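Below: the structure, in structure tokens.
The values are calculated or read from the model by the stated rules, or taken from the named source; none is laboratory data. What you are looking at is a predicted structure, and each value in this text was computed from that prediction instead of being measured. Virtual Cβ from ideal backbone geometry, glycine too; neighbours counted across all protein chains shown. Ligands, DNA and RNA are stripped out before the accessible areas are found, and what is left, the full protein with its side chains, is counted by its heavy atoms. Shrake-Rupley method; radii C 1.70, N 1.55, O 1.52, S 1.80 Å.
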Protein chains: 2
Amino acid sequence: MSVSEQKPSDLKIVTAAVIVIGDEILSGRTKDKNMVYLAEQLIEQGVQLREVRVIPDIENEIINAVNSLRKKFDYVFTTGGIGPTHDDITADSIAAAFNIEIGYHPEAMNILTRHYENSGIEFNEARMRMARIPEGALLIDNPVSKAPGFQVENVFVMAGVPIIMQAMFEGIISRISGGARMLSRTIGAGLPEGKIAGELGALQNEFPDVSMGSYPFFRQGEVGTNLVLRSINQLDLDRAFEKLKKILQDMKVEIVETT
Amino acid sequence: MSVSEQKPSDLKIVTAAVIVIGDEILSGRTKDKNMVYLAEQLIEQGVQLREVRVIPDIENEIINAVNSLRKKFDYVFTTGGIGPTHDDITADSIAAAFNIEIGYHPEAMNILTRHYENSGIEFNEARMRMARIPEGALLIDNPVSKAPGFQVENVFVMAGVPIIMQAMFEGIISRISGGARMLSRTIGAGLPEGKIAGELGALQNEFPDVSMGSYPFFRQGEVGTNLVLRSINQLDLDRAFEKLKKILQDMKVEIVETT
């Protein structure tokens, strides 16, 4: 979107946090894939991911994380802990965080009853746990394995299994109101970051609304730096980018790639 | 280690948190590799990773995360934000968190002066930023690119680039006093978790000091569940494992693998 197309309302900053719930991530046993997926998807929606917390399956930890982050950010997304086993305590913990009741949700019960009837699998007591939803919550559709997620106010509670979480997220995109889109441009430069640090700092002062990051990399024995510029203001972003490119060219630095 | 070899002092629970500092992780641009590395390494050292926070390069966020986690856990490890550029604000933020001064550390200055002399690279003002260390901090050796990390009390401040962070971590292992080692055994079972949930819950009640987790997986269209048992008590862990295996065998469930 060009600047001329950007309406003033687009410039509202909308923020989010992600809470990854699960001992299996903290033990290093399972590599989390949800954080990167959500980071990328939220940018697409004009939402800036500002914090991620990975916490264990402990009720107090979930309550504290949810209550501290839901007040601080526009949206909170949780993943994990909504299955049928005793260690799936996310729904109860969310109810406790909001101080609301939890019980069998009629629509969730219907969805699961039909699902298990159709597949000829017993709808046992453990599986009924997955229909326990905090009162007043809005269900989140699960097209993969049926057991729904749910939304309480600005907190979206989703499954931990990546394919299920991703399907759930696609179903809630319409409930998210994004703001200004964070735009970014990158220059991969063939120099150590210490060599450009002074100039980059001066450029940062010149363009306060463009956030400038410097990320060293090592490839096949060569030292390089990715210089990443981010802004919600396309015009300033492009100006800063051109100026930085010129600085590097004047320094006779190899520009590996630009995006 | 067998139970008979485990001394009472081994049974102390030692905990840690990791703080990943960096906009580039939250933007989804860079995939964090440090979390998984530290999770695995800490288990080896008898330290239980209890929380991970990913936060942006914002001083207040760093201060709040460090001050909340260093009081709650035995150790805190931070990664990222200790380079030469203006966006590297971790050292200053740590000094602010502990309310201590920060200045050029003589030994860090020596290390960097020698390094840049030897490599014929200018030791400019930006690079000198990497010698700014909170007062009283203990340096952490960086055998890769020389600029040191540092330790203030129970907080270890390391680089974000994985190969540097890993080299730093190896250098501080001797400063970490681990406690009871968390042992784990896993059964990969060819059944949906809802089918074993009731029995697993009952087994959990029977073995309160063995933490039992259930993690569904989908492989080539087949549904399965990894049942993970964790405990610092080898005897109870083995007992619970054998009992769970027997339950599955009695249910005629395929046991895909055990570890």
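Listing for the model above:
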item	result
Average other protein chain Cβ within 10 Å of Cβ, residues A:14-26	3
Threshold 20 Å² - residues in segment A:32-56 whose accessible area is reduced by that much or more when the chain is no longer isolated, probe 1.4 Å	A:35, A:36, A:39, A:40, A:43, A:49, A:50, A:51, A:52, A:53, A:54, A:56
DSSP bridge pairs, chain B: antiparallel proportion in percent, nearest 5	65 percent
Shortest-first nm distances, residue A:221 label point to equivalent points in other copies (7 Å, Cα→Cβ)	5.0
5 angstrom amide H check on residue A:77, placed H, neighbours 5+ away	A:17, A:18, A:19, A:156
Helical contribution to [θ] at 222 nm, DSSP H n ≥ 4, -39,500 (n - 2.57), averaged over chain B, rounded to 500	-11500 deg cm²/dmol
Separation of the residue B:202 and residue B:72 label points, Cα + 7 Å toward Cβ, nm	3.6 nm
Cα long-axis angle, helix A:162-172 against chain A (0 to 90 degrees, to the nearest 10)	90 degrees
From phi via Karplus (6.51, -1.76, 1.60), per-residue ³J(HN,Hα) for segment B:39-50 in Hz, x at Gly/Pro	4, 5, 5, 5, 4, 4, 8, x, 10, 9, 6, 10
Heavy-atom accessible area per residue - the protein assembly as shown, 1.4 Å, Å²	44 Å²
Chain-alone versus full-assembly comparison, segment A:227-249, residues with accessible loss of at least 30 Å² (1.4 Å probe)	A:230
Rough spin-label spacing in nm, given labels placed 7 Å along Cα→Cβ, for residue A:218 and residue A:139	5.3 nm
Residue closest to axis [chain B; rotation mapping onto A; Cβ; Å]	B:53, 3
Under 14 Å, Cβ to Cβ, from residue B:95 - net charge with Lys/Arg +1 and Asp/Glu -1	-3
Residues whose placed amide H lies under 5 Å from that of residue A:86, excluding near-sequence neighbours	B:201
Entries of A:33/A:72; A:245/B:146; A:195/A:246; A:31/A:71; A:31/B:71; B:12/B:245 with Cα pairs more than 21 Å apart	A:33/A:72; A:245/B:146; A:31/A:71; A:31/B:71; B:12/B:245
Chain-alone versus full-assembly comparison, segment A:187-215, residues with accessible loss of at least 40 Å² (1.4 Å probe)	A:193, A:194, A:197, A:215
Integer Hz, Karplus 6.51/-1.76/1.60 couplings in order for segment A:151-159, x for Gly and Pro	10, 10, 6, 9, 10, 10, 10, 10, 5
Portion, in percent, of the accessible area of the protein assembly as shown that falls on carbon or sulfur, probe 1.4 Å	49 percent
Low-density loop positions, GluC sites (Glu not before Pro), segment A:58-107 - DSSP coil, at most 13 other Cβ in 10 Å	A:101
Highest-MSF residue in chain A out of A:18, A:54, A:228 [GNM, Cα springs under 10 Å]	A:228
Inter-part distance where segment B:163-233 and segment A:108-172 are each reduced to a Cα centre, Å	24 Å
Between 0 and 90°, nearest 10: helix B:106-119 axis offset from chain B longest Cα axis	80 degrees
Buried accessible area, chains A and B (both chains, 1.4 Å probe, Å² to nearest 100)	4300 Å²
Between 0 and 90°, nearest 10: helix A:59-72 axis offset from chain A longest Cα axis	50 degrees
